[in-house]
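Worksheet: the structure to be examined is printed underneath.
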Amino acid sequence: MAAYDDNNVFAKILRGEIPNETVYEDEHVLSFKDINPQAPTHVLVIPKGRYVSSDDFFNEASDAEIAAFFRAVGKIARQLGIVESGYRILANCGRDANQEVPHFHLHIFAGRHLGPMLANTGGA
């Protein structure tokens, strides 16, 4: 696993060097609107700790951080009013999953029918 890069865009957002449109924040979590939304509602949820990927987060974060992170996802969904209509959460981990920012994060998508999760690409 790659070492954490303190110059990644989410680290800069956490330090206040890059502005964001905050949706939710607590001691362990920051959530903000995606600057290139892929659905009418598209927010990112990131832990405030230095975790490269979901694997890193699940193996290195404290139980309190993990619980706070997933409780925050539920709070954000309720706050955004998307629980009843439905939403998708997605995390990319590593190169093959196209993880673009080396800081663990979840995407929350909602606001329209999202279709199947993966398109059939003809692979085995």
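Between Asn59, Ala3, Tyr87, whose Cα lies farthest towards the positive end of the dipole of the chain when Lys and Arg beta carbons carry +1 and Asp and Glu beta carbons carry -1, centred on the Cα centre? The one lying farthest along the dipole's positive direction is Tyr87.
Sparsely packed loop sites in segment 26-124 (the trypsin sites (Lys or Arg not before Pro) outside DSSP H, G, I, E and B with at most 15 other Cβ atoms within 10 Å) comprise Arg112.
Given their separation in residues at 0.36 nm each and the Cα-Cα distance between them, Ala2 and Asn36 gain 9.7 nm when the chain is fully extended. Electrostatic bookkeeping for Phe104 treats Lys and Arg as +1 and Asp and Glu as -1; over the other residues with beta carbon under 14 Å from its beta carbon, the sum is -4. Working note: 222 nm ellipticity from helices only, DSSP H runs with n ≥ 4, each -39,500 (n - 2.57), summed and divided by the residues of the chain, gives -7500 deg cm²/dmol to the nearest 500. Around Leu44, with a cut-off of 10 angstrom between Cβ atoms, what is the net charge of the other residues, counting Lys and Arg +1 and Asp and Glu -1? For residues surrounding Leu44, the net value is 0.
Taken about its Cα centre, segment 9-110 carries a charge dipole of roughly 200 debye when the Cβ of each Lys and Arg holds +1 and the Cβ of each Asp and Glu holds -1.
The local environment of Ala61, defined by Cβ-Cβ distances under 12 Å, has a net charge of -3 under the rule Lys, Arg +1 and Asp, Glu -1. Scanning residues 5 or more positions from Leu30 or on other chains, those with amide H under 5 Å from its amide H are Ile46, Lys48, with H placed 1.01 Å from N in the peptide plane.
Each value in this text was obtained by applying a stated rule to the coordinates, not by laboratory testing. Because the structure is a prediction, the values reported are computed rather than measured. Because the Cβ atoms are built from the backbone with ideal geometry, glycine has one as well, and the counts that use them run over all protein chains shown.
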